[in-house]
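The structure under discussion appears below in the form of structure tokens.
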Amino acid sequence: MDFGSLITYLDNCNIKYDINENTALLVSIRVGGLASIVAYPDTIEKLCRIIKFVNNKFKYFILANGTNTYFCDSFDGIIISTKNINNIKLDKNEIIAECGASLTGCAVYAYEEGLSGLEFAYGIPGTLGGGIYMNASAFGGKISDVIKECLVYDVDKESIYTLCNKNLNFSDKCSIFVKEKLIILKAVLTLDKGIKADINKKMKTYMQKRISTQPLDIPNAGSAFKRPKGDYASRLIDEAGLKGYNVGDAQISKKHAGFIVNNGSASSSDINKLIKYIKNEIKNKFNVNLEEEIIYVE
Ligand SMILES: Cc1cc2nc3c(=O)[nH]c(=O)nc-3n(C[C@H](O)[C@H](O)[C@H](O)COP(=O)(O)OP(=O)(O)OC[C@H]3O[C@@H](n4cnc5c(N)ncnc54)[C@H](O)[C@@H]3O)c2cc1C
């Protein structure tokens, strides 16, 4: 693909970019090959401009903090990173945050303002945009509980508008953004006044649980599979005796059977083979169809 016109456009718009970037450095599981271009718009306006420019012309992918995502060996397109679009501000008991703001950063901000409701998000390593896309959840809380509305860019209509919570079609690990060509620009989160000491205590407890149950010292992408109805993927994988099973350096974590870890030099195809193996085993042993939560980008 010829990226000359795109590079000229990025230069003219004063948008930072890298050419032939190693995608493994952009995702928490540290696998993947080169991407032709990675662009880093630093405002919502620049984000919309690039998307408008590349839509229907180039292959593109919106990447936030890459904590649920990995790329193929060669991505012949443009990755648009939202990481530099991350302002957070307060309006009474509401937080207004841009898509690239970190979930943990939003949780800390809420705590500092004495606002409760985001404690569950403390320690989730993704961004608000990624969290809304996936309806991130933990310890009984979920993003859909606190989102009042989202400002979105409609890629095909080339327009910006606001969608309120009920129109975001939130469900378990899903939202309207999974199915529609809409980009999350910013969101308003409605929180409750709380007692700072209580908020802090909850956040610390949740972080302790993460540290004691998750393989945080080895590259991973969080839970590899969604929860099957009425059960946990990790429970099934554990009961199938698969903990520690590996394909090359891709391994089912010995600490948490729901996580796949990269012990050093795993490739995306190692991860894909391991996922296929796990799904087959769980289907054969329990007649359950596991569905990936982590996102593979080709
Ligand atoms: C150690 C660890 C622990 C984790 N714990 C949890 C947990 O407790 N609960 C939980 O739910 N998840 C957890 N995760 C998974 C992950 O952090 C979340 O799913 C998070 O919401 C993903 O955010 P991200 O910014 O990294 O998204 P990315 O991985 O960068 O992107 C995920 C998807 O969102 C889309 N996206 C991102 N931004 C936008 C945008 N602005 N507009 C439209 N689409 C967008 C991307 O295109 C992609 O399809 C964990 C991951 C790790 C590594």
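Every number in this text was worked out from the coordinates using simple rules, so none of it is lab data. Since the structure is predicted, the reported quantities are computational estimates derived from the model, not experimental observations. Cβ: placed from backbone, ideal geometry, glycine included. Neighbour counts: every protein chain shown.
Other residues with beta-carbon under 14 Å from the beta-carbon of I19 carry, at +1 per Lys or Arg and -1 per Asp or Glu, a net charge of -4. Between the stretch 144-163 and the stretch 271-298, the C-alpha centres lie 32 angstrom from each other. The local environment of K279, defined by Cβ-Cβ distances under 13 Å, has a net charge of +1 under the rule Lys, Arg +1 and Asp, Glu -1. Give the residue from P215, I282, G244 lying farthest towards the positive end of the charge dipole for the stretch 215-286; charges sit on Cβ (+1 for Lys and Arg, -1 for Asp and Glu) and the dipole is referred to the Cα centre. Among P215, I282, G244, the one farthest towards the positive end of the dipole of the stretch 215-286 is I282.
Considering only F61, F170, F286, the mean-square fluctuation computed in a Gaussian network model of the chain, springs between alpha carbons under 10 angstrom, is largest for F286.
The charge dipole of the stretch 180-298, taken about its Cα centre with unit charges on the Cβ atoms of Lys, Arg (+1), Asp and Glu (-1) only, comes to about 520 debye.
Separation of the stretch 224-258 and the stretch 56-87, taken as the distance between their Cα centroids, equals 27 angstrom. Over the stretch 88-198, all Cα pairs binned in 10 Å intervals from 0 give whole-percent P(r) values of 16, 51, 27, 6, 0, listed from short to long. For Y9, what charge total do you get from the other residues with a beta carbon under 12 Å from its beta carbon, if Lys and Arg give +1 and Asp and Glu give -1? Cβ neighbours under 12 Å give a net charge of +3. Loop-resident trypsin sites (Lys or Arg not before Pro) (DSSP state other than H, G, I, E or B) in the stretch 184-287 with no more than 10 further Cβ atoms inside 10 Å of their Cβ: K229.
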